[in-house]
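Step one of this worksheet: look at the structure below.
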Amino acid sequence: MVFCVHCATENDHEGKFCLSCGRALVRHVSKDRAHNATTTSSSHIGTASAPESSPQPVAGKRKESEPEEKPTIPSGERSVFPISKLPTITKHRIAHALAEESPNAIVLRVRGGQSALVLVSAAAAATVIGVMAYTQQYRWNAIQTRAVFIVLALAFVAGALGVLRLIRDNRTQFRNAILINPFYVIRVNPRELAAYPLSSLKSPDLRDAKSYLPSSMALTLTFEDGTISYTPSTPLQRKQLLNALNGFRCYREEMSGRDTGSIYQHDLLHEARALARQNRRKRNLRGFAINIEWAVTAMALLAAVGCGLLADHMNDNADDELRWASATTANTASAFRVYLVSRPHGAHRAEAGTEIDRIYRDSGVRYQTQAGESSAGVEAVIAVLEYARATGHYNVAVTFEGTNQIPEGLEGQLKREYGIADIAPAAWSFQDVFNKGRESKILQRIQTSFGKVIPGDVLAFDTGQPEAGDVQFAVNYLVKPTGSVYYPVSEEHLPDAKRHFYVGIGYNWYFDIRIPDRDALYQLKFASTPASLFQVAYQRVSKNALDVGTQDPNPINPAEVYDAMAESAFEDFSSKLLSEVALK
């Protein structure tokens with residue numbers, strides 16, 4: 001506490017001049033020195049002595065933040081001073097003025113934008129909550145994951161800085177205001193001061209009477225390098241403010257010849273300006289100061305990363321639960337396999353395996369119930385089901401391999417053997433291209449019959465060579481002549497020389513059920529021959545009907561006859577195979 005010997009005011013700051021009268025302060029170091037200083041300064045009471053003729057401080061070393069420079073009337077460009085960088089004395093003097101305890105000072109309170117900060121903080125919190133809710137869906141892709149981290153980073157930084165500013169704005173003594181005195185118009189906010197020398201005011205023209213007319217409520221003060229706007233509540237307040245500014249102008253002009261103590265009293269930024277000039281001259285960086293906004297931003301980013309990792313983990317868990325729910329709803333082997341493939345480390349992996357085992361066992365029980373009595377074919381199918389359950393190889397490759405053993409010149413041989421004149425050639429109708437279509441009908445019959453008892457995702461039948469681990473249903477057949485000949489029933493009344501004959505063709509079948517690294521589980525061998533009487537669906541190759549007394553040269557297309565023989569043989573094999581495995 002320093003006692004001013006001029007105006008008897010106690011000053012609780014480290015400054016050089018009294019905040020009340022602006023005169024030099026004397027620091028009391030000892031009782032004797034305080035008496036000498038008081039005696040020396042007593043002659044200045046009631047006079048406008050210059051600070052340089054006043055006694056100098058005698059206690060302690062002058063601080064760097066309090067440069068000893070002669071006070072002058074400020075002019076020139078705008079100056080911006082961060083609150084955190086202001087000298088202690090300047091902070092004290094500004095706070096004193098904002099409390100309206102400083103002479104010749106006007107304080108205009110302005111909105112601080114706290115509602116905007118509240119909205120920003122609330123929006124940031126809502127964004128974080130929304131992101132957490134967004135995690136409850138299927139797994140994000142890489143773009144979505146990056147977007148989530150970016151959104152969280154922005155939300156955390158905006159929210160943290162908004163909360164920080166709200167706290168600082170509510171705790172600081174530097175509230176949002178416009179401070180006007182004879183030297184300055186200062187825009188004050190919790191973070192910085194923007195000081196415009198009143199001497200640089202360009203408009204309104206305080207000497208022009210028209211400037212005082214209430215053309216609009218808004219009042220804009222234009223300086224050489226900036227503007228400050230304020231909206232008075234009434235036209236009268238606007239006029240009073242302009243009058244005060246004009247009074248400050250006149251007062252400043254009169255003060256140019258006064259003592260430095262009076263100038264200092266109104267130069268609220270004297271120490272700050274002097275320190276700024278000193279630092280520019282000395283290029284004194286004063287070390288590295290941690291900016292609290294940067295520190296909060298860094299912590300917010302770290303929190304955003306942590307929240308992002310948590311959100312990613314939550315999304316992973318949500319994906320696992322959604323896929324598991326989908327699998328249990330479908331309750332099929334393929335659905336549980338999809339879960340295992342998509343979630344190789346999922347929380348329900350063991351349960352999925354258990355459910356697949358259950359489906360296979362249920363299929364086996366259902367098949368045995370359908371089959372009734374056991375047989376070699378039934379036991380082979382049960383073994384295939386067990387293999388598919390244990391290994392996961394549920395694909396069954398149905399392979400076909402046919403051999404055509406119809407010799408050339410067969411027709412001539414049969415003509416001689418049976419003494420007939422006309423016999424249709426057969427080899428052309430049993431080429432591989434025609435047999436492929438007949439093979440597909442066997443596959444369809446197998447798929448349909450097995451599918452009635454065993455679902456298609458428990459045992460999946462398809463043609464083609466088996467891949468590693470697949471079960472194989474191997475169908476081999478041999479096409480050869482039976483040695484017999486056939487003719488249309490409609491030609492029974494004709495002699496052999498006038499009948500149309502066809503070669504009897506049969507099939508020898510060899511069927512195996514094979515599991516990798518094991519002997520054949522089941523084998524089936526039998527021969528299919530055309531019946532002595534079979535029907536042929538055909539179209540006539542001649543437009544003349546078979547009437548009494550006339551003869552159609554060839555009423556049936558030979559290809560249709562041979563196709564009927566082959567279809568009969570393939571149907572015979574399908575029926576035989578399905579009966580062996582107790583299916584229909």
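The values are calculated or read from the model by the stated rules, or taken from the named source; none is laboratory data. These numbers were taken from a predicted model, which means no experiment stands behind them. Glycine gets a Cβ as well: all are built from the backbone with ideal geometry, and neighbour counts include every protein chain shown.
In the set A244, A276, which member is among the aliphatic types (A, V, I, L, M), out of contact with any strand residue (DSSP E or B) (no Cβ under 6 Å at 6 or more places or on another chain) and modelled with pLDDT of 80 or more? Talk me through it step by step, then tell me what you get.
Values: A244 fails: out of contact with any strand residue (DSSP E or B) (no Cβ under 6 Å at 6 or more places or on another chain).
Just a single option satisfies the conditions, and that option is A276.
Suppose the filter is closer than 30 Å to F434 by Cβ and either touching a residue at least 24 places away in the same chain (Cβ under 8 Å) or of a type outside the set (A, V, I, L, M) (or both); does L385 pass it?
Working: closer than 30 Å to F434 by Cβ: no; either touching a residue at least 24 places away in the same chain (Cβ under 8 Å) or of a type outside the set (A, V, I, L, M) (or both): yes.
Here the answer is no, as L385 does not meet what is asked.
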Matching entry among A352, A347, A304 (being small (G, A, S) and loosely packed, with under 15 Cβ neighbours inside 10 Å):
A347
So, in region 390-414, of the ones that are charged (D, E, K, R) and in contact with a strand residue (DSSP E or B) (Cβ under 6 Å, 6 or more places away or on another chain), which residue ends up surrounded by the fewest Cβ atoms within 10 Å (Cβ to Cβ)?
E401
Checked pairs for region 117-130, first in contact (Cβ under 8 Å) with a residue 12 or more places away in the chain and within 13 Å of A304 (Cβ to Cβ), second β-branched (V, I, T) and part of a helix (DSSP H, G or I), C-beta under 8 Å and 6 or more apart or across chains, list as T127/V151
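Sort through Q413, Q444 and tell me the only one that's without any contact (Cβ under 8 Å) to a residue 40 or more places away in the chain and more than 24 Å from N557 (Cα to Cα).
Working: Q413 fails: more than 24 Å from N557 (Cα to Cα).
Testing whether each residue is without any contact (Cβ under 8 Å) to a residue 40 or more places away in the chain and more than 24 Å from N557 (Cα to Cα) leaves just Q444.
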